[in-house]
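Notes to accompany the following structure.
The values are calculated or read from the model by the stated rules, or taken from the named source; none is laboratory data. Just so you know, these numbers come straight off a predicted model, no measurement behind them. Using ideal geometry, Cβ is built from the backbone for each residue, glycine included, and neighbour counts are taken over all protein chains shown. Surface areas here come from the heavy atoms of the whole protein model, side chains and all, with no ligands, DNA or RNA. Shrake-Rupley method; radii C 1.70, N 1.55, O 1.52, S 1.80 Å.
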Amino acid sequence: YQRRVHGNSSARGRFFASSKNKMAVNRGGVPPAAPKQVTTGVSLHLSVANRIVEETLRKIFAEGTAPVMPYTCCDFEDVMYKISSASEQPADGPQHVCLVSMSHPSYAQLFANGGQAVLAAVYGPLIAPTPEINYHLTLRIDLRNLPPEPEREALILRIAEVRRYISSAPLDFAFNAFAAKAQLPAPIVIPNGRPGDYMLIKTRPDSVLVVFTESFDDPTDAAIAEVFFREFVEAKRSIGAAPTITFSDQPSTDLEGTPLAARAGSIKGYVSIVLFGQHTDTPEHRLKSATLICQFRSYMQYHIKAAKAYMHSRMRKRAAGWMQLISDAKPDKPMAVGTRTVTGRHWAGAKK
């Protein structure tokens with residue numbers, strides 16, 4: 001797996017390499033849709049839009065009726081979605097109001113660190129005043145007042161990418177502050193729903209530091225992740241425009257005085273990503289950097305599972321090959337007395 005996925009130095013850094021798809025900010029000030037899933041042949045860029053939500057909304061918009069039975073699905077980072085109809089509508093009549101709800105384990109921290117402004121800018125009047133029970137955010141769509149076809153598809157993608165907008169809100173906040181030559185009053189620490197997993201964002205005079213902490217219960221996952229991280233470090237040598245990435249099992253001096261310093265005993269590794277002015281100087285670069293970094297943990301977890309699945313399939317194939325070889329070596333039935341051997345001699349039977 002390492003040879004096939006990470007062996008090509010140009011592919012190792014493609015996660016942060018410049019994309020051919022140019023992104024522009026809409027006139028209304030709403031960030032454009034993030035880049036869709038890209039398959040490079042050696043690695044996979046995960047889509048920021050939930051495919052189930054996207055396809056379900058496309059079907060609902062085409063029919064013009066909200067579902068009677070709710071749809072529920074999950075996403076990376078333990079995010080949950082629910083697509084349903086508004087409860088105040090008559091059960092025996094047409095359902096013209098569709099609700100899309102989302103729950104995020106770190107919603108409170110994300111909402112307090114730039115999430116409120118991002119959601120208001122992206123979704124505006126679609127946000128319901130009160131979310132559904134057990135969910136943090138509910139979007140209310142009136143199917144009778146949908147925009148025309150070009151804007152309708154953009155609306156579907158924008159709703160399907162709600163996880164991206166809320167997860168990258170602290171990054172957008174930090175990048176905008178850095179572009180304005182300002183400093184964050186304090187580092188931003190966002191938990192990721194698992195014990196020992198955090199994201200820290202800290203602005204410096206010349207760069208923005210993003211630190212991911214990792215804590216693996218499975219030692220195999222930890223070993224594969226270490227190889228994965230070191231391949232990103234090596235990619236910097238061949239791609240000069242990529243951010244600087246370092247991996248260490250010890251906290252750096254940048255974490256002193258932050259909440260992560262007190263949790264050092266339960267953290268197994270630190271991945272530090274340093275972004276400079278060239279990564280945040282324009283709205284397009286800030287959008288792309290925030291999109292890729294907020295997907296970094298999911299990208300890593302996906303490829304760890306893919307590596308384990310690939311190695312298991314190779315081991316199963318090798319074991320099946322050996323079992324077939326042993327099976328072919330067994331004679332179907334014992335040789336009869338009087339038959340000839342391969343050398344031409346007669347088989348007289350075993351001696352008693």
When you check THR203 against the structure, is it at pLDDT below 85, of a type in the set (Val, Ile, Thr) and over 22 Å from GLN301 (Cβ atoms), yes or no?
no
Does any residue in region 217-236 that is touching a residue at least 12 places away in the same chain (Cβ under 8 Å) and under 12 Å from GLN301 (Cα atoms) come within less than 7 Å, Cβ to Cβ, of a residue that is aliphatic (A, V, I, L, M) and surrounded by 13 or more Cβ atoms within 10 Å (Cβ to Cβ) six or more places away or on a different chain, and which pairs are these?
ASP221/ILE304; ILE224/ILE304; ILE224/ALA307; ALA225/MET300; ALA225/ILE304; PHE228/MET300; PHE228/ILE304; PHE229/VAL271
Pairs under 8 Å by beta carbon, first residue closer than 10 Å to LEU99 by Cα in region 128-140, partner assigned to a loop (DSSP other than H, G, I, E, B) and open to solvent by 80 Å² or more (accessible area, probe 1.4 Å), six or more apart or different chains?
THR138/THR130
Filtered residues of region 110-135 (kept if open to solvent by 30 Å² or more (accessible area, probe 1.4 Å) and not in a helix (DSSP H, G or I))
ILE127, PRO129, THR130, PRO131, GLU132, ILE133, ASN134, TYR135
Looking only at region 318-330, decide whether some residue is loosely packed, with under 10 Cβ neighbours inside 10 Å and at pLDDT below 80.
yes
For LEU143, indicate whether it is more than 21 Å from SER106 (Cα to Cα) and touching a His at 6+ places or on another chain (Cβ under 9 Å).
yes
What are the pairs with Cβ atoms under 6 angstrom where one residue, in region 296-316, is closer than 15 Å to PHE232 by Cβ and the other, located anywhere, is β-branched (Val, Ile, Thr)? Sequence gap at least six, or different chains.
ILE304/ILE224; ALA307/ILE224
Where in region 136-234 are there strands (runs of 3 or more DSSP E), lying fully within it, with 2 or more residues that are over 29 Å from ASP249 (Cβ atoms) and open to solvent by 30 Å² or more (accessible area, probe 1.4 Å)?
137-142
Those residues of region 266-313 which are open to solvent by 50 Å² or more (accessible area, probe 1.4 Å) and not in a helix (DSSP H, G or I) amount to LYS268, PHE276, ASP281
